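Below you'll find the structure, written out as structure tokens, and then a few comments.
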Amino acid sequence: MRVVLTGAAGFIGSHLTTALLDRGDAVVAVDSFLTGRLANLQHVSDYDALTVLEHDVTVPLEVTGHVDAVMHFASPASPADYNAHPLATLDVGTAGTRSMLELARSHRARFLLASTSEVYGDAQQHPQREDYWGNVNPVGSRSVYDEAKRCAEAYTMAYCRAGLDSRIARIFNTYGERMRPNDGRAVPNFMSQALLGDEVTVYGDGSHTRSLCYISDLVSGVLLLLASDEHLPVNLGNDEEVTVLNLAQRILSLVGTDTSLTFRPLPEGDPHVRRPDLSRARAVLGWAPAVRLDEGLARTLLWFRSVIGGESRGASARG
Ligand code: NAD
Ligand code: UDP
């Protein structure tokens, strides 16, 4: 296949690029480098089948030659990033999604949207199934991301009803190598802080929950979804749910530091519980995550240990 992948220089995009190239696909990697880095594609730079285009996907894009699939992963994804870039986040989810759908339509290509568990907002149904419509505050600080992704899903389904061959991945919290140490998310913050000997910042009392998926599992789920016939949204994530306090304690124990925890105010609109119902992914993709949290954290920590000296400090972005 020849795949146009937006957001390819970001965390998830860089792993997808690697997987696509490794299986023999050609990749047109499109990125504006708003939150991603060319360095994230350095390890695949010698592949002839990789083309990197610096481009803001809110601006229409023409790609010469055939295109089999457009995978739309461009968007700031960490709360600190989308709060720093609120309008760019709204634009990439709305205008950016529309222009990438047009690109797919013009090539009669398959389209896959990277949506998010944030479409469920501060969920009142637990675990979250795909037929739950969610509980999103349209004027809260997270709305620039949540509503943009909800709009992106609506755009995708509108094109789908008009004949486009589309897929929607609702991605739950994913972590792993090549996350930016200072992107403000829980895993990068906790690992950076613990490695630097800073206090580890738990927001609220730490009783709220997340269910974290290791990147290799997410990549295999996304590729199976791309190959499937499923047009409706599919949750992709790991259903091993932990409290944020427990996550911080696991990371402190893995790092082996006597650094302490500190509690900071819970940001406005922070969802209290999150766990995917994976029934649809199991049924239509035959997929389930394979990497347990402790194993994934250990692999991720190796990477954070290798880069932490050269990066800016992983200071809390919100505390
Ligand atoms: P990331 O910030 O590491 O990567 C996003 C990439 O998109 C960056 O390289 C950035 O430069 C690029 N980008 C942003 N706006 C752009 C624009 N207008 N034009 C071109 N490129 C642009 O984030 P990530 O964690 O890798 O997330 C990737 C995708 O997966 C996002 O769409 C995100 O919403 C979705 N997602 C991620 C998670 C997660 O836990 N990581 C969870 C749910 C959904
Ligand atoms: N969190 C925290 N301390 C940090 C960063 C995050 O307690 O330094 C919490 C955050 O409030 C949220 C959870 O960890 O409840 C996951 O945050 P992240 O930003 O990783 O993802 P999201 O909130 O988008 O699910």
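The values are calculated or read from the model by the stated rules, or taken from the named source; none is laboratory data. It should be emphasised that the depicted structure is a prediction, and the values quoted were computed from it without experimental measurement. Backbone-built Cβ (ideal geometry, glycine too); neighbour counts: all protein chains shown.
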Inset, instruction - For the stretch 1-27, enumerate the residues that are among the hydrophobic types (A, V, I, L, M, F, W, C), surrounded by fewer than 24 Cβ atoms within 10 Å (Cβ to Cβ) and over 22 Å from Asp217 (Cβ atoms). - result: Ala26
Legend entry - Scan of the stretch 276-285 for residues that are buried (at least 16 other Cβ atoms within 10 Å of the Cβ) and either without any contact (Cβ under 8 Å) to a residue 12 or more places away in the chain or part of a loop (DSSP other than H, G, I, E, B) (or both), ordered by number: Asp277, Leu278
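Please determine whether any residue of the stretch 154-165 is within 16 Å of ligand 2 (Cβ to nearest atom) and touching an Asp or Glu at 6+ places or on another chain (Cβ under 9 Å).
First, the residues of the stretch 154-165 that are within 16 Å of ligand 2 (Cβ to nearest atom): none.
No; the residues of the stretch 154-165 include none that is within 16 Å of ligand 2 (Cβ to nearest atom) and touching an Asp or Glu at 6+ places or on another chain (Cβ under 9 Å).
Let me confirm something: among Gly140, Gly163, Gly197, Gly176, which residue is at pLDDT 95 or above, on the phi > 0 side of the Ramachandran plot and more than 14 Å from ligand 1 (Cβ to nearest atom)?
Numbers: Gly140 fails: on the phi > 0 side of the Ramachandran plot; Gly197 fails: at pLDDT 95 or above; Gly176 fails: more than 14 Å from ligand 1 (Cβ to nearest atom).
Of the residues listed, the single one that is at pLDDT 95 or above, on the phi > 0 side of the Ramachandran plot and more than 14 Å from ligand 1 (Cβ to nearest atom) is Gly163.
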Inset, instruction - Go through the stretch 184-200 and give me each residue that's closer than 23 Å to Arg210 by Cα and in a helix (DSSP H, G or I). - result: Ala186, Val187, Pro188, Asn189, Phe190, Met191, Ser192, Gln193, Ala194, Leu195
Legend entry - Filtered residue count, the stretch 131-183, keeping only those that are surrounded by fewer than 16 Cβ atoms within 10 Å (Cβ to Cβ) and either part of a helix (DSSP H, G or I) or basic (Lys, Arg) (or both): 3
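If the requirement is being surrounded by 24 or more Cβ atoms within 10 Å (Cβ to Cβ) and in a strand (DSSP E or B), which of these qualifies: Ala74, Ala104, Ala114? Please lay out each step first, then the result.
On the way: Ala74 fails: in a strand (DSSP E or B); Ala104 fails: in a strand (DSSP E or B).
Matching residue, one of Ala74, Ala104, Ala114: Ala114.
Inspect the stretch 16-24 for any residue being away from ligand 2 (no atom under 16 Å from the Cβ), touching a strand residue (DSSP E or B) at 6+ places or on another chain (Cβ under 8 Å) and among the basic types (Lys, Arg) and give the result as yes or no. Steps first, please.
Keep residues of the stretch 16-24 that are away from ligand 2 (no atom under 16 Å from the Cβ), which gives 16-24.
Checking which are touching a strand residue (DSSP E or B) at 6+ places or on another chain (Cβ under 8 Å) leaves us with 16-17, 20-21.
Next, from what is left, pick out any that are among the basic types (Lys, Arg): none.
Within the stretch 16-24 (the criterion being away from ligand 2 (no atom under 16 Å from the Cβ), touching a strand residue (DSSP E or B) at 6+ places or on another chain (Cβ under 8 Å) and among the basic types (Lys, Arg)), the answer is no, since none of the residues qualifies.
Just to verify a result, which residue in the stretch 40-71, among those that are among the acidic types (Asp, Glu) and over 20 Å from Lys149 (Cα atoms), is surrounded by the most Cβ atoms within 10 Å (Cβ to Cβ)? Give the derivation first.
The initial filter retains those residues of the stretch 40-71 that are among the acidic types (Asp, Glu), namely 46, 48, 54, 56, 62, 68.
Filter once more, keeping what is over 20 Å from Lys149 (Cα atoms): 46, 48, 54, 62, 68.
Working: Asp46: 7, Asp48: 7, Glu54: 11, Glu62: 8, Asp68: 16.
So the residue we want is Asp68.
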Legend entry - Within the stretch 231-246, tally of residues that are buried (at least 20 other Cβ atoms within 10 Å of the Cβ) and out of contact with any strand residue (DSSP E or B) (no Cβ under 7 Å at 6 or more places or on another chain): 0
Inset, instruction - For the stretch 186-228, enumerate the residues that are in contact with an Asp or Glu (Cβ under 6 Å, 6 or more places away or on another chain) and either buried (at least 24 other Cβ atoms within 10 Å of the Cβ) or not β-branched (Val, Ile, Thr) (or both). - result: Ser211
Inset, instruction - Return the total of residues in the stretch 61-89 being within 16 Å of the chain's Cα centre (by Cα) and of a type in the set (A, V, I, L, M). - result: 4
